[in-house]
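Trainee: Here you go, one structure.
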Amino acid sequence: TDLRPLDILSEAVPPGGLARGLRVFQVQGVRGFQLSSSRPRALGFPASRLFIHCDRFPEEFSIIVTLRALRGPAKVSAAGRARSGHGPAPPLRARALPQRNEYIFTLMLEESPSVLVGLRYAPDKLHFLFWSQERAGGWQTRVTFPNVSLADSQWHTLVLAVSGQSFSLTVDCSIPKDVVVETPFPASLSVRRASFYLGNRRRRKGVFTGLLRQLVLLPGADATPRMCHAVNFKAATLSVPPVLQEVPAKPVSNEVLKYPYETDMKVTLGTRPRCSKQEKAQFWFNASRRGLYLCNGSTWLSMLEVQHRLDYVEEYQNLVTNSETMGIEVFTIPKVGQFAAMANRVTPPGSAIYRWTDGKFVHYQNIPTYQAQSWKYFTIGKKIFLAVANFEQNERGQEFSVIYKWSRRKAKFITYQRISTHSARDWEAFVIEGEAFLAVVNHREGNNHNIDSVIYRWNPRTGLFETNQTIPTSGAYDWEFFTVGPYSFLAVANTFNGTSTKIYSHIYIWLSGSFQLFQSILTFGAADWEVFHTGDRVFLAVANSHSYDSGMPAPSNFYAINSSIYELNITAQMFVKFQDLLTYSALDWEFFSVGDESFLVVANSFDGVTFSVNSIIYRWQGYEGFVAAHHLPTVGCRDWEAFHTPEGSYLFYSSAKEPLSRVLKLKTT
């Protein structure tokens with residue numbers, strides 16, 4: 001075998017065309033084969049075509065599979081489908097629910113109904129089958145991996161690594177499931193007069209009903225490190241048949257496309273339609289903007305449109321606020337409108353919520369707060385919440401941060417749950433494995449900055465957040481949650497430990513039901529983390545506010561200091577420094593896009609002399625990194641928010657030094 005990948009799926013596709021029983025479909029932007037159940041033997045080929053130099057199955061190997069298993073009947077009509085090639089697509093039969101067992105592939109002797117090697121799945125299990133000669137007449141061993149849910153109409157990549165008695169399954173590059181069995185995989189399994197069969201065991205019963213994109217045998221190695229090096233784990237590729245790799249070229253004249261394919265596709269015209277899980281992978285054409293958009297299950301993503309470029313920034317609205325504003329949260333309540341919650345410093349009157357009305361933010365509701373630092377908007381099911389981080393005690397000497405719930409009847413936010421906090425700076429809301437969490441940053445308790453910040457878990461039975469985990473922090477300012485593939489991360493910005501701002505901020509990874517330390521990064525009064533993507537690359541930017549160490553000589557300027565951008569190195573499994581940018585007591589980063597261009601704007605707050613400091617918009621320029629593009633005059637800038645309306649795109653900044661926040665409009669060409 002020469003330890004090269006053996007592409008089982010490609011071997012079933014004859015040169016110059018498709019085998020009978022194979023059809024090519026494109027779903028969610030990815031292509032795969034649909035297998036016919038009427039002629040299962042047509043989907044087979046002799047094993048000798050793969051095992052050229054040796055007629056023994058390898059003793060150690062990996063099997064790599066990329067598939068899309070159906071969740072339920074598919075309602076397909078000729079009008080809702082586009083076909084590459086000539087003539088309309090033939091009507092598709094509604095496919096049945098996945099059977100009890102469906103075979104992904106089998107290796108069988110011609111004269112025997114027994115399966116030498118096979119892979120099949122049930123609704124919540126995956127079974128690996130092999131034939132052992134240890135007993136007289138042979139014996140089939142089944143290795144079962146429980147709690148493997150594939151039948152969800154999504155693409156998944158599986159890596160099954162086999163070595164002796166050890167079997168390891170990795171789904172979408174998540175944590176491997178390991179099984180050790182009594183019977184080892186045979187050291188010498190003959191494949192003479194055996195054939196591979198795609199999606200069946202030479203019978204119509206148990207035929208695979210989904211789409212198959214990749215089926216590769218890699219002898220002698222665990223393929224997991226080779227597969228799990230990209231961000232798009234679910235479509236990771238080792239070897240894929242050419243017909244599934246690229247969209248066919250446009251035919252010349254009347255030439256018929258070499259590989260016709262079909263795809264479930266619906267294009268909606270007119271006003272902006274709903275984008276939910278039901279509309280996922282559907283298209284919307286916006287005639288006024290000449291744009292084609294794809295629904296990803298929650299948001300319309302631009303696929304093709306006249307791209308705008310940022311030309312300049314103009315002042316759009318000066319918003320007089322209750323007092324200095326420490327943070328802004330812009331959010332949209334479905335069927336109600338777009339809002340901005342301002343975290344105002346002075347109590348009374350507390351903090352204000354504004355509603356976007358006739359192209360401006362207009363005062364909507366006041367909420368009592370106590371030196372509020374930030375707001376966080378989030379939803380749980382149909383419930384809508386807004387949490388405030390209060391820095392000081394209330395009139396009774398109690399220190400609470402408060403979660404408010406949107407009342408549809410009153411059309412305003414009302415008090416829902418009070419949580420004891422300690423000079424809270426920030427809330428972060430996120431969902432892991434279907435469970436809702438809320439994390440608070442506790443800055444200090446009295447003069448002690450080295451205290452615990454807390455992660456709360458939503459209890460659906462009581463309808464309340466309950467303590468789930470505590471994490472030691474040092475004068476912390478910010479939480480940032482993000483995901484990479486199947487992994488969930490939480491980064492904390494540690495600012496001050498009582499003697500120095502030159503301390504480590506930490507990134508935690510969710511493993512086995514809790515957050516565990518993943519990486520520590522040296523920061524200087526870190527005030528904010530911002531995660532963002534450009535293409536498949538993942539970046540994490542830290543805003544460093546000042547450099548102070550009671551045991552070291554004072555620098556010439558505490559506040560002129562580099563803030564850093566880190567990039568995730570998948571191979572090294574860590575964030576490595578990508579770029580330093582000179583900032584002036586930076587308190588926030590905000591990432592945004594205009595057309596196909598990406599930008600970062602920094603909140604510069606103080607240069608050591610004055611709070612009137614330019615905040616800067618940096619443009620992503622590939623190899624050059626981020627390059628300064630626009631200098632924006634700001635006063636004590638504390639927070640930036642980017643938002644969009646049908647009228648255009650905007651930046652909103654808050655000032656921690658004057659009761660005035662500004663909305664800036666992005667002018668494009």
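The values are calculated or read from the model by the stated rules, or taken from the named source; none is laboratory data. Since the structure is predicted, the reported quantities are computational estimates derived from the model, not experimental observations. In this analysis, Cβ positions are derived from the backbone assuming ideal geometry, glycine residues included, and neighbour counts consider all displayed protein chains. Each accessible area value is taken on the protein alone, full model and side chains, heavy atoms only, with ligands, DNA and RNA left out. Shrake-Rupley method; radii C 1.70, N 1.55, O 1.52, S 1.80 Å.
Trainee: If I go through the stretch 445-497 residue by residue, how many of them are free of Cβ contacts under 8 Å to residues at least 12 places away in the same chain, open to solvent by 20 Å² or more (accessible area, probe 1.4 Å) and outside any strand (DSSP E or B)?
Mentor: Residues that pass the stated criteria total 4.
Trainee: Looking at the structure I just gave you, is LEU587 assigned by the TED database to the domain that holds SER505, among the hydrophobic types (A, V, I, L, M, F, W, C), surrounded by 22 or more Cβ atoms within 10 Å (Cβ to Cβ) and not in a loop (DSSP other than H, G, I, E, B)?
Mentor: Yes: the conditions hold for LEU587.
Trainee: Also, I was wondering about something else. For the stretch 374-395, indicate whether the set of residues that are touching a residue at least 12 places away in the same chain (Cβ under 8 Å), surrounded by fewer than 18 Cβ atoms within 10 Å (Cβ to Cβ) and on the phi > 0 side of the Ramachandran plot is non-empty.
Mentor: Checked the stretch 374-395: no residue is touching a residue at least 12 places away in the same chain (Cβ under 8 Å), surrounded by fewer than 18 Cβ atoms within 10 Å (Cβ to Cβ) and on the phi > 0 side of the Ramachandran plot.
Trainee: Report, by residue number, each residue of the stretch 2-18 that is modelled with pLDDT under 70 and surrounded by 17 or more Cβ atoms within 10 Å (Cβ to Cβ).
Mentor: LEU18 - this is the single residue of the stretch 2-18 that is modelled with pLDDT under 70 and surrounded by 17 or more Cβ atoms within 10 Å (Cβ to Cβ).
Trainee: Among the residues in the stretch 86-106, are any β-branched (Val, Ile, Thr) and either open to solvent by less than 70 Å² (accessible area, probe 1.4 Å) or modelled with pLDDT under 85 (or both)?
Mentor: yes
Trainee: Applying the selection to the stretch 155-165, what residues are surrounded by fewer than 16 Cβ atoms within 10 Å (Cβ to Cβ) and either among the charged types (D, E, K, R) or on the phi < 0 side of the Ramachandran plot (or both)?
Mentor: GLN165
Trainee: Just checking, does the stretch 198-207 include any residue being in a strand (DSSP E or B), open to solvent by 30 Å² or more (accessible area, probe 1.4 Å) and at pLDDT 90 or above?
Mentor: The answer is no; no qualifying residue exists.
Trainee: Scan TYR548, TYR504 and give me the residue that is assigned by the TED database to the domain that holds HIS443, open to solvent by 10 Å² or more (accessible area, probe 1.4 Å) and over 18 Å from LEU582 (Cα atoms).
Mentor: TYR504
Trainee: Only one residue in VAL346, VAL313 is among the hydrophobic types (A, V, I, L, M, F, W, C) and either open to solvent by less than 10 Å² (accessible area, probe 1.4 Å) or outside any strand (DSSP E or B) (or both). Which one?
Mentor: Going through VAL346, VAL313 in turn, the sole match is VAL346.
Trainee: With more than 26 Å from the chain's Cα centre (by Cα) and over 24 Å from ILE367 (Cα atoms) as the only criterion, which of ARG461, ARG457 stands out?
Mentor: Selected residue: ARG461, the only one of ARG461, ARG457 that is more than 26 Å from the chain's Cα centre (by Cα) and over 24 Å from ILE367 (Cα atoms).
Trainee: Looking at (1) more than 29 Å from the chain's Cα centre (by Cα); (2) surrounded by fewer than 18 Cβ atoms within 10 Å (Cβ to Cβ); (3) not polar (S, T, N, Q), find the lone condition where GLU624 falls short.
Mentor: (1)
Trainee: Next question, about the same structure. Could you count how many residues in the stretch 155-197 are under 21 Å from ILE570 (Cα atoms), part of a loop (DSSP other than H, G, I, E, B) and hydrophobic (A, V, I, L, M, F, W, C)?
Mentor: Summing the residues that are under 21 Å from ILE570 (Cα atoms), part of a loop (DSSP other than H, G, I, E, B) and hydrophobic (A, V, I, L, M, F, W, C) in the stretch 155-197 gives 2.
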